[in-house]
Amino acid sequence: ISNERKLLVGTESEVNLPKLNEMFDIDADIPVVIAGPCAVENFEYLDQVAKALKDNGVKLIRAGAYKPRTSPYDFQGLKEEGLKILHEVSNKYKLYSVTEVVDTRDVYLVQKYADVLQIGARNMQNFELLKEVGLTNKPIILKRGMSASINELIYAAEYIALQGNRNIILCERGIRTFETKTRNTLDISSIPIIKRETHLPIIVDLSHSLGRKDIVNQLAKAVLAAGADGIMVEVHPKPELALSDSKQQLNIDEFRGMLSTIGY
Ligand code: PEP
Ligand code: MN
């Protein structure tokens, strides 16, 4: 995006936003880590994950209450009940909570319970939803659509910024290609390009990019070397029993191992 309109999220924009680490009061010498189960399933599981985060110095917990599932017959999330559990657990361990909102009608409710709102890949160009979260004062994680170009991601962020909310965190989560060894193809080149063309922080969701966990440690190091401000990863106490994304969720031991490879 060059020689065009000056974007609010562009590099020349005069707004001075805090760095991602500063936003969540995290030491500048460690990457921001957002971790947690794909979905809130029950209090006990989320409590176990939150305790592991707390014990290992991770400050942001993710968990979906509204799940955008490919099949309508699959687990759709606990909705408000899930938000309540996430709220209770994040308060108990003094963690920032991150959760997805999928519908304009839910934005008010979700922002009452959560600290950070996530727009999922499937909704990256749901412009009405972007405008609605742009009216809140919560940080927004905007995930790249699985078939979206980098320019489209940047313009989607601009929709949010135009409503007044400049607290936007972009998230690379892989794009669709012909490759089948991974769930999506992790486009690492988007990281330095987004750094060059916007002033927004960028994180990488390793779990949804890869769809597998045996190569998460290598890719965590790779995306941080490429300049990512942080990573997101799915963690579940018993991944084999998870109601969604069972294959890609790390168990708590695997999560600790990943953290140690990135300097935690
Ligand atoms: C998620 O993070 O829970 C999720 C559904 O990811 P994505 O929108 O990137 O597919
Ligand atoms: Mn998931």
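The values are calculated or read from the model by the stated rules, or taken from the named source; none is laboratory data. None of these values were measured; they are calculated from a predicted model. As a convention, Cβ positions derive from the backbone with ideal geometry for all residues, glycine included, and neighbour counts pool all protein chains shown.
Among the candidates Gly57, Gly64, Gly77, Gly82, the residue that is of a type outside the set (D, E, K, R) and out of contact with any strand residue (DSSP E or B) (no Cβ under 8 Å at 6 or more places or on another chain) is uniquely Gly57. Pairs are defined by a Cβ separation below 7 Å, a sequence spacing of at least 6 or placement on different chains, a first member in the stretch 49-63 that is surrounded by fewer than 18 Cβ atoms within 10 Å (Cβ to Cβ), and a second member that is outside any strand (DSSP E or B) and of a type in the set (D, E, K, R); the pairs so defined are Asn56/Arg256.
Can Gln125 be described as assigned to a helix (DSSP H, G or I), modelled with pLDDT of 95 or more, touching a helix residue (DSSP H, G or I) at 6+ places or on another chain (Cβ under 9 Å) and among the polar types (S, T, N, Q)? Break it down into steps so the answer makes sense when it comes.
Details: assigned to a helix (DSSP H, G or I): no; modelled with pLDDT of 95 or more: yes; touching a helix residue (DSSP H, G or I) at 6+ places or on another chain (Cβ under 9 Å): yes; among the polar types (S, T, N, Q): yes.
Against the criterion (assigned to a helix (DSSP H, G or I), modelled with pLDDT of 95 or more, touching a helix residue (DSSP H, G or I) at 6+ places or on another chain (Cβ under 9 Å) and among the polar types (S, T, N, Q)), Gln125 does not qualify.
Among (1) among the polar types (S, T, N, Q); (2) within 16 Å of ligand 2 (Cβ to nearest atom); (3) free of Cβ contacts under 8 Å to residues at least 40 places away in the same chain; (4) part of a helix (DSSP H, G or I), where does Gln111 come up short? Evaluating Gln111 over (1) among the polar types (S, T, N, Q); (2) within 16 Å of ligand 2 (Cβ to nearest atom); (3) free of Cβ contacts under 8 Å to residues at least 40 places away in the same chain; (4) part of a helix (DSSP H, G or I) leaves (2) as the failure. Total residues in the stretch 190-214 satisfying the condition of being away from ligand 2 (no atom under 16 Å from the Cβ), touching a residue at least 12 places away in the same chain (Cβ under 8 Å) and not in a helix (DSSP H, G or I): the figure is 5. Per this entry, Ile193 is counted among residues that are modelled with pLDDT of 95 or more, among the hydrophobic types (A, V, I, L, M, F, W, C) and touching a helix residue (DSSP H, G or I) at 6+ places or on another chain (Cβ under 7 Å). Of the residues making up the stretch 27-35, one or more are among the aliphatic types (A, V, I, L, M) and surrounded by fewer than 14 Cβ atoms within 10 Å (Cβ to Cβ). Go through Ile34, Ile30 for me and flag whichever is within 16 Å of ligand 2 (Cβ to nearest atom) and out of contact with any Pro (no Cβ under 6 Å at 6 or more places or on another chain). Of Ile34, Ile30, the one residue that is within 16 Å of ligand 2 (Cβ to nearest atom) and out of contact with any Pro (no Cβ under 6 Å at 6 or more places or on another chain) is Ile34.
Which is modelled with pLDDT under 95 and touching a Phe, Trp or Tyr at 6+ places or on another chain (Cβ under 9 Å), of Ile34, Ile1, Ile30, Ile85? Before you say what the answer is, go through the steps one by one.
On the way: Ile34 fails: modelled with pLDDT under 95; Ile30 fails: modelled with pLDDT under 95; Ile85 fails: modelled with pLDDT under 95.
Going through Ile34, Ile1, Ile30, Ile85 in turn, the sole match is Ile1.
Annotation: Asp74 fulfils all but one of (1) farther than 20 Å from Pro139 by Cα; (2) in contact with a helix residue (DSSP H, G or I) (Cβ under 9 Å, 6 or more places away or on another chain); the unmet one is (2).
Suppose the filter is more than 13 Å from ligand 1 (Cβ to nearest atom), closer than 22 Å to Asn165 by Cα and of a type in the set (Phe, Trp, Tyr); does Phe24 pass it?
yes
Hey, among Ser149, Ser260, Ser246, which residue is in contact with a helix residue (DSSP H, G or I) (Cβ under 7 Å, 6 or more places away or on another chain), free of Cβ contacts under 8 Å to residues at least 12 places away in the same chain and surrounded by fewer than 18 Cβ atoms within 10 Å (Cβ to Cβ)? Walk me through it before giving the result.
Numbers: Ser149 fails: in contact with a helix residue (DSSP H, G or I) (Cβ under 7 Å, 6 or more places away or on another chain); Ser260 fails: in contact with a helix residue (DSSP H, G or I) (Cβ under 7 Å, 6 or more places away or on another chain).
Exactly one residue qualifies, and that residue is Ser246.
Ala148 meets each of the listed conditions (1) more than 20 Å from Gly230 (Cα to Cα); (2) touching a His at 6+ places or on another chain (Cβ under 8 Å) apart from (2).
Output the number of residues of the stretch 152-180 satisfying the condition of being assigned to a loop (DSSP other than H, G, I, E, B), surrounded by fewer than 22 Cβ atoms within 10 Å (Cβ to Cβ) and in contact with a helix residue (DSSP H, G or I) (Cβ under 9 Å, 6 or more places away or on another chain). Spell out the reasoning first.
Our first condition is that a residue be assigned to a loop (DSSP other than H, G, I, E, B); within the stretch 152-180, this holds for 163-167, 173-174, 176-180.
Next, from what is left, pick out any that are surrounded by fewer than 22 Cβ atoms within 10 Å (Cβ to Cβ): 163-167, 176-180.
If we keep only those that are in contact with a helix residue (DSSP H, G or I) (Cβ under 9 Å, 6 or more places away or on another chain) too, we end up with 163-167.
Residues in the stretch 152-180 being assigned to a loop (DSSP other than H, G, I, E, B), surrounded by fewer than 22 Cβ atoms within 10 Å (Cβ to Cβ) and in contact with a helix residue (DSSP H, G or I) (Cβ under 9 Å, 6 or more places away or on another chain): 5 in total.
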